[in-house]
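The values are calculated or read from the model by the stated rules, or taken from the named source; none is laboratory data. Just so it is clear, the structure is predicted and the values come from calculations on it, not from any experiment. Because the Cβ atoms are built from the backbone with ideal geometry, glycine has one as well, and the counts that use them run over all protein chains shown.
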Amino acid sequence: MRLLRRSLLIACATVLLASACDAPPAGAPVGAAVVDLPDTVEPLPDAVAETVRKLKQIAASGTYRDMAALADATPSFRSNNANMTHKDYWYLKMRSGDWPMAQADKLLGYRYAVADTSMGKVYIWPWMARLKPEQITPVAERDISRLLGEGQAEVLRRGGVWPGYVLGIAEDGTWLYFVSGSG
């Protein structure tokens, strides 16, 4: 009797283990959700990569003054819409707890978009800032949520204006702008 129970127990365990290894039904999603693959982007030109390196260096060990000095190297650089100097504006941002160096570093951690403009190509961070409402895919929504907070993708889908920072560098390495939606 014991032998029969033991054999029956082994047989049941074998059937259970074998059924756990069956392939899932065809067409059923398995594991992680299916998401859009991001577009491929062209490599950064050396001059743009050098500007990115300088910005990351400032973010790691510099100050808002260092950032302002780099911005001042471009006469038409934009940092705000309040007609303040870059240094004064970023100082106010820091006083409010919004560290511009950390924001720039965070943006540069995302992919970039490339815009063809009258002055040549401009490399723009983050890539999601250039999307039209109908272009916000699950991948874009995930990145928007990470950067701006939950629900912001839906606001943008309804036609809202990009509320976060945007950074642009010309293909010759000129840092053109670093503005925030509230700036």
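A few comments on the model shown:
- Check on Val166, of a type in the set (A, V, I, L, M, F, W, C) and part of a helix (DSSP H, G or I): no
- Test for Gly151: is it surrounded by fewer than 16 Cβ atoms within 10 Å (Cβ to Cβ), under 15 Å from the mean Cα position of the chain (by Cα) and of a type in the set (Gly, Ala, Ser): no
- Restricting segment 79-104 to residues that are among the charged types (D, E, K, R) and under 17 Å from Pro163 (Cβ atoms), the residue that is farthest from the chain's Cα centre (by Cα) is Lys93.
- Residue count for segment 64-113, restricted to those that are touching a His at 6+ places or on another chain (Cβ under 8 Å), buried (at least 18 other Cβ atoms within 10 Å of the Cβ) and in a helix (DSSP H, G or I): 3
- Condition check for Ser118: within 18 Å of the chain's Cα centre (by Cα), of a type in the set (S, T, N, Q) and modelled with pLDDT under 95: no
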